[in-house]
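Q: Could you have a look at this structure, given as structure tokens, before my questions?
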Amino acid sequence: MEVQTTPLEGLLLIRPPSHGDNRGFFSETWNQRTLNEAVGEEVSFVQANESRSRAGVLRGLHFQAPPHAQGKLVRVSEGKVLDVAVDLRVGSPTFGQHHAALLSRENRWQFFIPAGFAHGFLTLEDETSFHYLCTNFYCPESEGALLWSDPDLGIDWGVEAPTVSEKDMQSGLFSTFDSPFVFSPKAR
């Protein structure tokens, strides 16, 4: 498994090995032991989600507040997305900063997004299938979101007018956001 760190502590890009021949390919997309080793702690998933979207759909920037905070391992099985995570952890040296990654069926990258980050993605191709494993169950009372186009976040989505849900259009601004997340640096 290939693991790349990002400038935001805890946020990882992971690419599982793939074995191909004239029949196609085989890839183990998730393994508890190897993920725990990559992350440096035990990660347990309790829920799996999938969305399918046409090109130009933007979903996010979503999070769940404690005690129902969610970490996610996300991947694309068909199509391509620009995937973005924003650090919401008070005390983090990268608080309010974001990291974007291109995830596609072809490149097989996965994004590990720990609790304490807002998450969103823009589909870049029609019929994009996006999968995510979550470390906590969905809880509507803990759901939160930041506005995808918030100028204080400075995210370059590469599009002027994506298709966004009415709910996501009403999301809050980072400047008025009172984060419930606290940064805990990992021991090195």
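The values are calculated or read from the model by the stated rules, or taken from the named source; none is laboratory data. Bear in mind the structure is a predicted one, so any value in this text is a computation, not a measurement. Reconstructed Cβ throughout: ideal geometry from the backbone, glycine too, with neighbour counts over all protein chains shown. Calculation scope for accessible area: heavy atoms of the full protein, side chains included, ligands and nucleic acids excluded. Shrake-Rupley method; radii C 1.70, N 1.55, O 1.52, S 1.80 Å.
Q: Taking the Cβ of PRO180 as the center, what net charge do the other residues with Cβ under 14 Å away carry, scoring Lys and Arg +1 and Asp and Glu -1?
A: That sum, taken over residues with Cβ under 14 Å, equals -3.
Q: Hey, another quick one. So what does log10 I(q)/I(0) come out to for the stretch 24-132 at q = 0.21 Å⁻¹, using the Debye formula with one equal point on every Cα and no solvent?
A: Log-scaled intensity ratios, in q order: -1.24.
Q: In addition: Mind checking which of ARG54, ARG75, ARG23 has the largest fluctuation in a GNM of the chain, springs on alpha carbons under 10 Å?
A: ARG23
Q: Still on this structure, I have one more. Distance between the C-alpha centers of the stretch 100-117 and the stretch 156-188? Whole Å please.
A: 16 Å
Q: Okay, next question. Using a 1.4 angstrom probe on heavy atoms only, work out the carbon and sulfur share of the accessible area of the chain in %.
A: 50 percent
Q: What translational D, rounded to a whole number of µm²/s, comes out for the chain from Stokes-Einstein when the hydrodynamic radius is the Kirkwood one over Cα pairs, at 10 °C and 1.306 mPa s?
A: D, rounded to a whole number, is 94 µm²/s.
Q: Using every pair of alpha-carbon atoms in the stretch 127-169, split the distances into 5 Å bins beginning at 0 and state the percent of pairs per bin, rounded to integers.
A: Pair shares across the bins are 5, 14, 17, 23, 23, 16, 3.
Q: Oh, and also: Please express the shape of the stretch 1-64 as an equivalent ellipsoid: the semi-axes are the square roots of 5 times the eigenvalues of the C-alpha gyration tensor, given largest first in whole angstrom.
A: Result for the stretch 1-64: semi-axes of 23, 21, 13 Å.
Q: Shifting gears a bit: Please give the per residue accessible area of the chain, computed with a probe of 1.4 Å over protein heavy atoms only, in Å².
A: Result: 53 Å² of accessible area for each residue.
Q: Work from the charge dipole of the chain (Cβ charges, +1 for Lys and Arg, -1 for Asp and Glu, about the Cα centre) and give the residue of ALA161, PRO66, ALA145 farthest towards its positive end.
A: PRO66
Q: Compute the relative contact order of the chain as a whole-number percentage, counting only Cα pairs closer than 8 Å that sit 6 or more residues apart in sequence.
A: 28 percent
Q: If you place +1 on the Cβ of every Lys and Arg and -1 on the Cβ of every Asp and Glu, how big does the dipole about the Cα centre of the chain come out, in debye to the nearest 20?
A: That gives a dipole near 420 debye.
Q: Here's something else I'd like to know. Would you list, by chain and number, the lysines whose Cα falls below 21 Å from the Cα of LYS80, excluding same-chain residues fewer than 8 positions away?
A: LYS72
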